[in-house]
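Heads up: the structure comes next, in structure tokens.
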Amino acid sequence: MAASGGETNHESGKLEFSLDVPFPSSREADIALRSLSPDREPRKGGISKQLTVAGSTLSVRWSADEARILRVSVNSFLDHLSLVVETMQMFGPPVSQ
């Protein structure tokens, strides 16, 4: 897992954080994307989150007005990601269709 963050976008003045999560296969990365995408940020404004998959890597990018809001969103996402990964490990690799 690779993370970069705590950077301020000088054009927008927003804090930015990014996280790349490698998976064993592109299918597992896609399953994680579909599992985590429905979780919208509870606040209206102040933060945005974008999830994408490239190959077998799930990438997440946050942009927030305040460090506290960014921290809460990233921590919540990591909790959900941990649950998704544990569930996939429990059921084994996905079966190709």
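The values are calculated or read from the model by the stated rules, or taken from the named source; none is laboratory data. All values derive from a computational prediction rather than experimental measurement. For neighbour counting, all protein chains shown are included, and Cβ atoms are generated from backbone atoms with ideal geometry for every residue, glycine included. These area figures cover heavy atoms from the full protein model, side chains too; ligands, DNA and RNA do not enter into them. Shrake-Rupley method; radii C 1.70, N 1.55, O 1.52, S 1.80 Å.
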So, with points 7 Å from each Cα along the Cβ direction, the Ser76-Ser35 label distance in nm works out to 1.9
Any residue on another chain or 5+ positions along whose placed amide H is under 5 Å from the amide H of Leu58 is listed here as Val21, Phe23
Subtracting the Cα-Cα distance of Val95 and Ala67 from 0.36 nm times their residue separation yields 6.0 nm
For Val53 the rounded accessible area (nearest 10 Å², probe 1.4 Å, non-protein molecules ignored) is 50
Subtracting the Cα-Cα distance of Thr87 and Ser12 from 0.36 nm times their residue separation yields 23.2 nm
